[in-house]
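Participant: Before I ask anything, here is the structure I am working with.
Rule-based calculations on the coordinates, nothing more; no lab input. Since the structure is predicted, the reported quantities are computational estimates derived from the model, not experimental observations. So basically every Cβ, Gly included, is an ideal-geometry build from the backbone, and we count neighbours across all protein chains shown.
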Amino acid sequence: MGALLTTPDTLFIQQLYDQYSDENHQAWRRLYERMLPKWERYANPHFLKGIRALSLDPQRVPRLEDVNRFLQPLTGFRAKAVSGYVPAFQFFDCLRQRAFPTTITIRRSDQLDYLPEPDIFHDIAGHVPMHTDPHFAETLVRFGECARTAAQLNATAEELTSIVRAMARFFWFTIEFGLMRDTKGTDLKVYGSGLLSSFGEIEHAIDSPKVQRYPIQLEWLVNQSFEIDHYQPLLFIVDSFEHLYDLVGELERWMKQGRLSHVASGEPLVREEDILSFRAN
């Protein structure tokens with residue numbers, strides 16, 4: 001039997017705020033408190049401006065309606081609660097519509113340093129401050145449009161699997177784990193949300209000699225596999241969000257030209273639900 005797909009009508013859920021426990025709020029408080037000095041040292045200025053614009057409460061898990069009250073007037077984006085995994089096309093198409101699928105659970109107090117799946121701290125404190133920046137927001141929308149282009153191609157299952165893998169790698173090495181030069185073009189700052197929500201890896205990404213850091217190259221990136229269960233040994237650098245926006249346009253052109261239809265195999269594995277989500281649209 002094929003996987004059941006999440007439809008737009010059933011994708012989003014309510015954030016039942018009163019169900020957060022004192023332990024949940026304590027986990028948020030500890031995460032926020034220890035990340036703050038890391039952000040001030042390693043995060044890009046767009047993120048720092050976004051954190052201030054959102055007026056997040058350092059003491060309590062945020063209400064999404066409060067987040068959206070500050071976010072939506074800036075770029076039209078909204079954080080929308082989901083219960084868990086969202087198939088690839090639905091996730092990317094939400095970005096096209098300026099909706100960000102947001103996990104509403106929070107990690108336990110004994111799991112502050114590593115969590116294999118996203119939680120509300122990763123999504124709201126890591127991703128959403130970047131969504132306040134107009135250039136970054138437009139990049140996400142354009143990336144979502146790439147997903148719609150992929151769904152409209154007359155691609156075989158093998159070709160579509162390759163395209164989805166290429167898109168996932170692009171998202172991973174940019175939106176999740178991207179580095180950017182500062183305005184002077186000398187120092188590196190973090191803009192990737194996986195780094196911005198990780199107490200240990202944000203510093204490691206910038207300072208560790210064990211990390212290889214290279215100017216972003218699209219052909220390398222879409223053929224580069226990655227693993228999620230350890231600090232990333234390879235990171236890519238963009239010059240600006242305008243640069244990143246142009247790269248998304250190049251990614252879409254490559255897709256139409258068939259240059260993403262046979263990228264290198266390897267991680268990430270593409271789920272059946274992901275392929276079916278593109279076929280259904």
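Participant: Counting other beta carbons within 10 Å of each residue's own, what order do 28, 220 fall into, fewest first?
Facilitator: 220, 28
Participant: I'm checking a number: the convex hull volume of the Cα atoms of the chain, normalised per residue, in Å³. What is it?
Facilitator: Output value, Cα hull per residue: 128 Å³.
Participant: Moving on to the next point. Peptides 174-181, 93-100: what's the order by average Cβ count within 10 Å, highest mean first?
Facilitator: Per-residue Cβ counts within 10 Å, averaged per peptide and sorted highest first, yield 174-181, 93-100.
Participant: Given 281, 72, 222, which one lies farthest toward the positive end of the charge dipole of the chain, if we put +1 on the Cβ of every Lys and Arg and -1 on the Cβ of every Asp and Glu?
Facilitator: Farthest along the dipole direction, towards plus: 72.
Participant: Residue 43's amide H: which non-local residues (gap 5+, or another chain) put their own amide H closer than 5 Å, with H modeled 1.01 Å from N in plane and none for Pro or chain starts?
Facilitator: Close amide H contacts, sequence-distant or interchain: 190.
Participant: Also, quick follow-up: Quick one: length gained pulling residue 18 to residue 227 fully straight, 0.36 nm per residue minus the C-alpha distance?
Facilitator: 71.7 nm
Participant: Can you tell me how segment 37-117 classifies by the Cα gyration tensor, rounded, prolate or oblate, using a/c under 1.5 as the rounded cut?
Facilitator: Oblate, because a/c is 1.5 or more while a/b does not exceed b/c.
Participant: Now, a different point. Dipole of the chain, Cα-centred, from +1 at each Lys and Arg C-beta and -1 at each Asp and Glu C-beta, to the nearest 20 debye?
Facilitator: For the chain, the charge dipole is close to 500 debye.
Participant: For the chain, which DSSP H helices look membrane-span-like by this rule: Cα extent along the axis of 15 Å or more and mean Kyte-Doolittle of at least 0.5?
Facilitator: Qualifying helices: 157-171.
Participant: Once you keep just the Cα pairs under 8 angstrom separated by 6 or more residues, what percentage relative contact order results for segment 8-279?
Facilitator: This gives 22 percent for segment 8-279.
Participant: Hey, which aspartates and glutamates would be in cross-link range of residue 49, C-alpha to C-alpha under 12 Å, not counting anything within fewer than 8 residues on its own chain?
Facilitator: The reachable aspartates and glutamates, counting only those whose Cα sits under 12 Å from residue 49, are 40, 133.
Participant: Rank-order 47-54, 29-36 by packing density, defined as the average count of other C-beta atoms within 10 Å over each peptide's residues, highest first.
Facilitator: 47-54, 29-36
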